[in-house]
Amino acid sequence: MPTLSVKKELNVSAERLWAALKDLPNILPKIMPLFMVSVEMIKGNGGVGSVRVIKVPAGMRIVEYAVARIDLVDEKSKTEVHSIIGGEMREKFYSFYRCTKTFAPHRDGKTSMVTWTVEYEPLTQGKAEASKKAVEAILTQLEHYLMNCDDYITIH
């Protein structure tokens, strides 16, 4: 099965990134409005088995929406796994698509090492590179957003 992986150090703590990940339905449309119109939780509350619909703006009509199920949430390792289970992304481009995101503390906890890996079975050629660029864009925007606000800061 093909995989693609992005590993990137971000200038934000793993704890803040993990807290932000849990609020992606609210954050992504705010920080990437040209990429995502909305992320709506249609089943569950963000834990294992939860299902969300990701809607894409009209100008990005490669796909209109994707349906993702959360398969794993591991608080200790700060890892989340989700699978695309429906929508146009599944119907047009991938028979299988599973994404694993891990946020590890780095440099005494002041930064984090993010590993974002996608396992997939393509229905067509050429979409993996677009997925990798999308992941890199999401990480860059999320880092920029968190570096410029006080959201998701926990006091120990």
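Scan 27, 42, 54 and give me the residue that is touching an Asp or Glu at 6+ places or on another chain (Cβ under 9 Å) and either assigned to a strand (DSSP E or B) or open to solvent by 70 Å² or more (accessible area, probe 1.4 Å) (or both).
Within the list 27, 42, 54, the selection yields 54.
Looking only at residues in segment 96-122 that are surrounded by fewer than 20 Cβ atoms within 10 Å (Cβ to Cβ) and among the small types (Gly, Ala, Ser), which one is modelled with the lowest pLDDT?
109
Name the residues in segment 103-151 that are part of a strand (DSSP E or B), more than 28 Å from residue 76 (Cβ to Cβ) and charged (D, E, K, R), would you?
Correct list: 121 only.
Quick check on my filter: what residues within segment 16-36 are touching a Gly at 6+ places or on another chain (Cβ under 8 Å) and closer than 16 Å to residue 150 by Cβ?
none
The values are calculated or read from the model by the stated rules, or taken from the named source; none is laboratory data. No experiment lies behind these values; they were computed from the predicted model shown. Positions of Cβ are generated from backbone atoms using ideal geometry, with glycine treated the same way; all protein chains shown enter the neighbour counts. Just so you know, the surface numbers come from the protein's heavy atoms only, side chains and all, with ligands and any DNA or RNA stripped out. Shrake-Rupley method; radii C 1.70, N 1.55, O 1.52, S 1.80 Å.
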